[in-house]
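For reference, the structure is listed below as structure tokens.
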Amino acid sequence: MKYCPQCGTHYGDRHRTCSGCHSRWRLASRYARCCFLVALLSIPPAIASALECSLIEFRDVRSTVCRVDIRTDRLQLFLSDPSGRPFNSFRKVAESLTRRNEQLVFAMNAGMYREDYSPVGLMVIDGHQVHRLNMASGDGNFYLKPNGVFIVSDSGAHIIESSAYRSLQSPPMLATQSGPLLLYDGQLNSHISPQGTSRLIRNGVGITGTGEAVFVISEDPVNFYDFAVLFRDRLHCPNALYLDGNVSSLYVRSLGRADEHVLLGPIIGVTITTPSP
């Protein structure tokens, strides 16, 4: 049993919050989501992004794929607002950006997090480390070695093994640690089995041979193996990192999609500048 981080009551190990808080949050979030989607339609035009999203099918599993060109798209990590409170949702990130004349065009949950919504592993935002590298052993997908780090630095976007992070020559402007690595140098993680029976909605990120970052969320439950093979055989990513499952969420403004079915920890997104009023 654990304590609910919102009301302090006990709740089961399978849930992030107690059932009472979760029910109240779902009702409030439905109203907020409707208002938010209406607001999306009223935002003035902004400087375009090269972001491309599409729905594909691979091995009878549908997935939404969003391609980010690091050279032209402004990719950012989000965790807390200026007061230190976790954003927890795409809606709050978008509202915060609006006050800075920026617009959120794409976002996805960006790695595993604890009950207080802080990252389990390394996080670097705007060149500042906000949470240290986690090399510990433990239970759960994060600790299924090798795990890895998605980074963006002056040399582009990369996915590396966590153990290689401290030897980086170029300090990252953005980094998030998660696990397991699905693919590394074209090789499947040896812990991932084709016979895996755990099937969930999952999301992850891969890097193509040209350095493009490819973010994927499955629209149907999928096991680790098929998810990894999707990156290798269909999306041609030699390196891919698992971000999470079950809490997997996506925001794409052009599609009118703003998932809000669970409170989130770290969020990664593409932003653009909006014209001043």
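Only the coordinates and a few stated rules stand behind these numbers; no lab work does. Since the structure is predicted, the reported quantities are computational estimates derived from the model, not experimental observations. All Cβ positions, even for glycine, are placed from backbone atoms using ideal geometry, and neighbour counts span all protein chains on display.
Could you calculate the contour length gain from Arg62 to Ser80, that is, 0.36 nm times the residue separation minus the distance between their Cα atoms, to one decimal place in nm?
This chain segment gains 3.3 nm when fully extended.
Summing Lys, Arg as +1 and Asp, Glu as -1, what charge do residues with Cβ under 14 Å from the Cβ of Asn101 carry, Asn101 excluded?
Its environment carries a net charge of +1.
Spin-label point model (7 Å from Cα, Cβ direction): what's the Thr273 to Arg166 distance in nm?
Using points 7 Å along Cα→Cβ, the separation is 4.0 nm.
Need one number: nm distance between label points at Asp154 and His128, each 7 Å from Cα along Cα→Cβ, rounded to one decimal.
Placing both labels 7 Å along Cα→Cβ, they lie 2.1 nm apart.
Report the equivalent ellipsoid semi-axes for the range 145-277 in whole Å, largest first, defined as the square roots of five times the eigenvalues of the gyration tensor built from alpha carbon atoms.
Taking √(5λ) for each Cα gyration eigenvalue gives 24, 21, 13 Å.
From a point 7 Å beyond the Cα of His191 in the direction of its Cβ, which residues of the range 105-149 have a backbone N at a distance under 13 Å?
Answer for this model: 135-148.
Using θ = phi - 60° and the Karplus form 6.51 cos²θ - 1.76 cosθ + 1.60, what ³J(HN,Hα) does each residue of the range 139-154 get, whole Hz, x for Gly and Pro?
Once rounded to whole Hz, the list reads 9, x, 4, 4, 8, 6, 7, x, 9, x, 10, 8, 10, 10, 9, 4.
Could you give the nm distance between label points at Leu200 and His261, where each point is 7 Å from its Cα heading toward the beta carbon?
Here the answer is 1.3 nm between the modelled labels.
Once the piece of chain linking Arg234 and Thr208 is laid out straight, how much longer is it, given 0.36 nm per residue of separation minus the C-alpha distance between them?
Length gained, Arg234 through Thr208: 8.3 nm.
For the range 47-273, what are the per-bin percents of Cα-Cα distances with bins 5 Å wide, up to the bin holding the maximum?
Values per bin, smallest distances first: 1, 7, 16, 21, 22, 18, 10, 4, 1, 0.
Once you wrap a convex hull around the alpha carbon atoms of the range 60-129, what is its projected area averaged over all directions, in nm²?
6.6 nm²
Go through 141-152, 196-207 and give me the packing order, highest mean Cβ count within 10 Å leading.
Ranked by mean Cβ neighbours within 10 Å, highest first: 141-152, 196-207.
Give me log10 I(q)/I(0) at q = 0.22, 0.25, 0.27, 0.28 Å⁻¹ for the range 156-204, Debye formula, one equal scatterer per alpha-carbon, no solvent.
Taking Cα atoms of the range 156-204 as identical point scatterers yields -0.97, -1.14, -1.25, -1.30.
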